[in-house]
1. Carbon and sulfur: what percent of the chain's accessible surface (1.4 Å probe)?
2. How high is the FRET efficiency between His99 and Ala31 when r is their beta carbon distance and R₀ equals 35 Å, given to the nearest 0.05?
3. What is the gain in length, in nm to one decimal, between Trp86 and Thr21 on full extension, counting 0.36 nm per residue of separation less the C-alpha to C-alpha distance?
4. Quick one: length gained pulling Gln123 to Ser58 fully straight, 0.36 nm per residue minus the C-alpha distance?
5. For Glu83, list long-range residues whose amide hydrogen, built 1.01 Å from N in the peptide plane, is under 5 Å from its own amide hydrogen.
6. Could you give the length gained on full extension between Met12 and Arg106, defined as 0.36 nm per residue of separation minus the Cα-Cα distance, in nm?
7. How large is ³J(HN,Hα) for each residue in the range 25-40, as worked out from phi by the Karplus curve 6.51 cos²θ - 1.76 cosθ + 1.60 (θ = phi - 60°), to whole Hz, x for Gly and Pro?
8. Test of the criteria: in the range 36-91, which GluC sites (Glu not before Pro) are in a DSSP loop and have at most 14 other Cβ atoms within 10 angstrom of their Cβ?
Amino acid sequence: RLSSGVFSLDAMLGGGLPGATMTMLVGPSGAGKTTLGLQFLSKSSPEEPGLLMGCYESPERLCLKAAGMGIDLAAAERRGDVELLWYPMGNHILDGLAHRLLEAVRRRKVRRLVIDGISGFQQVALEPERMVRFWSALSNELRALGVTTLHTMELQELAGIDITILVSG
């Protein structure tokens, strides 16, 4: 098990997140999804290298946010414990994003991964109906590599009759 970076959550989970699993953090903007991801990355080390791939917040902004939480993410990045990949929305290709992600995971032997905003992947999908198969394949590959992943997904409404999650893994 890997620590989530939050003692009380680790206690509820029986010692942390099970290794080589994927956990989806779902909620509206401002709910704390990225904050929990930063907590998870704060436990990165040479033995458990971390990686954050995001499409919305720049590395500078993430370091400022982490600093406000008492986490020196910039120092962790300088030490090589964490790598921050930022792909602002634009003319990316879905498979290209996945290839760059997997290349970084393999190169660094990443054990802690945060994908901050899977909607970034959805937005570049030329064939949206392919997303379920794509996400399943990516999830399987990450699990096979021994990566414990947190990924975030924004949910527009917290309450309502229907909640639809478009991506599974």
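1. On the way: 4800 of 8690 Å².
Here carbon and sulfur together make up 55 percent of the probe-accessible area.
2. Values: r = 30 Å, r/R0 = 0.86.
According to the calculation, E is roughly 0.70.
3. 21.1 nm
4. 21.6 nm
5. Result for Glu83 returns Gly50, Leu51, Leu52.
6. Using 0.36 nm per residue and subtracting the Cα-Cα distance, I get 30.8 nm.
7. So the J values, rounded to whole Hz, are 9, 10, x, x, 4, x, 6, x, 4, 5, 4, 5, x, 5, 4, 4.
8. Values: sites: Glu47, Glu57, Glu60, Glu77, Glu83; in loops: Glu47, Glu57.
Here the sparse-neighbourhood loop sites are Glu47.
The values are calculated or read from the model by the stated rules, or taken from the named source; none is laboratory data. Values in this document were obtained by computation on a predicted structure and should not be read as measured data. As a convention, Cβ positions derive from the backbone with ideal geometry for all residues, glycine included, and neighbour counts pool all protein chains shown. Each accessible area value is taken on the protein alone, full model and side chains, heavy atoms only, with ligands, DNA and RNA left out. Shrake-Rupley method; radii C 1.70, N 1.55, O 1.52, S 1.80 Å.
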